[in-house]
């Protein structure tokens, strides 16, 4: 009987030791993961905050002075808004814009991606590249396809530093700044002249009584989206839209009409000729 009790005691001690070993191993793994997350937050948080826009898209818009000319580049994830003040644990809920048309949320996690230089963003990996200074940074999105063992890389340029009210604020800012923001002398169809100012945040003065302008960039689908469009005082009773064309320092605004079945927009009468002031 004593031998049986002795053997039982030894077994209990061994089981306890194994249990303690498992607990210590689990604790060590947890601590390691927490340290890794803190290090990744420290590394990425100062860099990735703000509104980011797909760079090949915005580059083409500015090159051709036309969102319509760049519509073929407005695919996939075109806008990201990362609010680094909203970190909870190891994650941030990140606003994402798709094809300049639809919005959603992705979970950004400060955990290692497929390399030591990336973190997880939904099903993607997210990294960054600093060219010369911290304000000259490119976000890089990696989309791995295990089916054919390929990786698609998409780059993003920062539009705005802080959290924005609307998902498309950043892309609007870059388009406004790259296309028409500035001071102009305007001549209307009757010959009347005025000084007009467009701001890069969508404000306008000197053009009738308009207060705001918005350049259409959702041009991938639907009828009447075959011309570049600028709308004044959007969503207000006095909203007016024109077709616009830019040639060097001259911006022309035209009336826009519909074809017989309202599937295509047609250029109408020239309303305003605006010449950028030096």
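The values are calculated or read from the model by the stated rules, or taken from the named source; none is laboratory data. This structure is a prediction, so every number in the text was calculated from the model and none was measured. Please note: Cβ atoms are built from the backbone with ideal geometry, for glycine as well, and neighbour counts cover all protein chains shown.
Quick test of your reading of the structure: residue 229 fulfils all but one of (1) modelled with pLDDT of 95 or more; (2) within 22 Å of residue 103 (Cα to Cα); (3) surrounded by fewer than 19 Cβ atoms within 10 Å (Cβ to Cβ). Name the failing condition by number.
That leaves (3) as the condition not met.
Criterion first (out of contact with any helix residue (DSSP H, G or I) (no Cβ under 7 Å at 6 or more places or on another chain) and at pLDDT 95 or above) does residue 18 satisfy it?
no
Tally the residues that are in a strand (DSSP E or B) and over 18 Å from the mean Cα position of the chain (by Cα), restricting the search to the stretch 92-129.
So the count comes out to 3.
Of all the residues that make up the stretch 130-156, how many are in contact (Cβ under 8 Å) with a residue 24 or more places away in the chain and loosely packed, with under 15 Cβ neighbours inside 10 Å?
Number satisfying all stated conditions: 3.
Quick one: residue 190 ticks every box in (1) in contact with a helix residue (DSSP H, G or I) (Cβ under 9 Å, 6 or more places away or on another chain); (2) in a loop (DSSP other than H, G, I, E, B); (3) modelled with pLDDT of 95 or more except a single one, so which number is it?
It is condition (1) that residue 190 fails.
State whether the residues of the stretch 198-212 include one that is farther than 30 Å from residue 165 by Cβ, part of a strand (DSSP E or B) and without any contact (Cβ under 8 Å) to a residue 12 or more places away in the chain.
Checked the stretch 198-212: no residue is farther than 30 Å from residue 165 by Cβ, part of a strand (DSSP E or B) and without any contact (Cβ under 8 Å) to a residue 12 or more places away in the chain.
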